[in-house]
Amino acid sequence: MAGERTMGKRAWIFPGQGSQYRGMSHLVNHPEDQVWLDEASEILGYPIRKLIGEDPDHLLDQTEWTQPALLVVSVLVAERKIREGFPRPDFFLGHSLGEYSALVMAGSLTFGEAIHAVHLRGKAMQGAVPEGAGQMAAVLGMERDALQSVLEGLGPSGEGEFAGMANLNSPGQIVIAGSREKMRQAMDALRAKGARKVVPLAVSVPSHTPLMEPAARKMRDVLDGIGWKRPHAPVVSNVTASSSSDPAELKDRLLRQITSPVLWEDSIREVIRLGVEEFVEMGPGTVLTGLGKRISDACRWEATDTAGKAGAK
């Protein structure tokens, strides 16, 4: 029957920045993980086990180090599941940075290419705006249309000024980002217009906004230098909330992601429309599992990091 929904499909979802924690190395303690860890350490010029373990140099929460650390853990968790005979998915999705992990596991990027790319991505994003000039905030209890209306009501922005939606995570949970002064105006306006809570985040990089254009320009050459391959299964891109198996299209979408909002709720709803009933979060933490349950309680949500920070030693 035309338009009939196919049932019972599976998606793997990969977390982005904010899911990292000190001691997440407990997730990658299998002997077979070592060759991957050695490769990552060589590319980064820093022992990755140290970074994802005790983090004595306090690098883990610096964007240029957070991104490769999360990718390493997420990919190795997924590889472990494959060794254990875990069923491979029908779709791959990743939240922001996690889209790189999704592309690795889908076979479009190699592990080494992705480690190199996300390390440079973190540097480029950190350097795109002056230190302290950007801000992000979580807005709770306001739907996107109402939120967008408030932002548009702030009036035109001057050069280098911006406030807009960055992550549309789940119903009633949206992250906004922009320049500090414009964000101050936006947060005050959103509180006045009935947002249940507006919480500034401890992040100075206004990710997924036009302010990241300098980072996008730098990443274009990086992504052009990768030998992109067709994925084993479709990858759903943050920037369009639609699936693709075309390498050129996936590359273009990944580049656009830097300056565009992460349409996470839309992406989850799209694969549910395509028949996905089971989601498995591959990597540290349970952030995406929590968001997913707010998007659809009819699906099955599973996190691979069942111990979480409690498992870190």
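FYI, it's all coordinate maths here, none of it is from the lab. Everything quoted here is computed from the prediction, not taken from an experiment. All Cβ positions, even for glycine, are placed from backbone atoms using ideal geometry, and neighbour counts span all protein chains on display.
Some observations on this one:
- Shape call, segment 95-232: gyration tensor on alpha carbons, a/c limit 1.5: prolate
- In a fully extended conformation the segment linking Arg294 and Arg273 would gain 5.9 nm over its present Cα-Cα distance, using 0.36 nm per residue.
- Cβ crowding within 10 Å averaged over residues, with 147-157, 130-140 ranked highest first: 130-140, 147-157
- Of all DSSP beta bridges in the chain, antiparallel share, percent nearest 5: 55
- Annotation: amide H-H contacts under 5 Å for Val203 (H modelled 1.01 Å from N, sequence separation of 5 or more, or interchain): Met136.
- Estimated inter-spin distance, Leu140 and Glu161, nm [label 7 Å along Cα→Cβ]: 3.0
- Three-way shape label, segment 151-210, alpha-carbon gyration tensor, a/c 1.5: oblate
- Taking θ as phi - 60° and the Karplus parameters 6.51, -1.76 and 1.60, the scalar couplings of segment 257-270 work out to 4, 4, 10, 10, x, 7, 8, 6, 4, 4, 5, 5, 5, 5 Hz in sequence order, x denoting glycine and proline.
- Whether segment 169-303 is rounded, prolate or oblate, judged on the alpha carbon gyration tensor where a/c under 1.5 counts as rounded: oblate
- Segment Asp221-Ser149, length gained on full extension (0.36 nm per residue, minus Cα span): 22.3 nm
- Using the average count of surrounding beta-carbon atoms within 10 Å as a protection proxy, the listed peptides 268-274, 160-166, 225-231 rank, highest first, as 160-166, 268-274, 225-231.
- Phe86 paired with Lys193, simple spin-label distance in nm, labels 7 Å along Cα-to-beta-carbon: 4.0
- Links that overshoot a 30 Å alpha carbon limit, given the list Lys50/Lys123; Lys9/Lys193; Lys123/Lys229: Lys9/Lys193
- Across segment 131-141, coupling constants 3J(HN,Hα) worked out from phi with the 6.51/-1.76/1.60 Karplus curve, θ = phi - 60°, read 3, x, 7, x, 7, 10, 8, 8, 10, 10, x Hz, and Gly and Pro carry x.
- FRET efficiency for Asp57 and Ser245, using Cβ-Cβ distance with R0 set to 45 Å, rounded to 0.05: 0.65
- P(r) for the chain, from all Cα pairs and a bin width of 20 Å, is 34, 59, 7 %, short bins first.
- Net charge contributed by nearby residues that have their C-beta within less than 15 Å of Ala248 (K/R +1, D/E -1): +2
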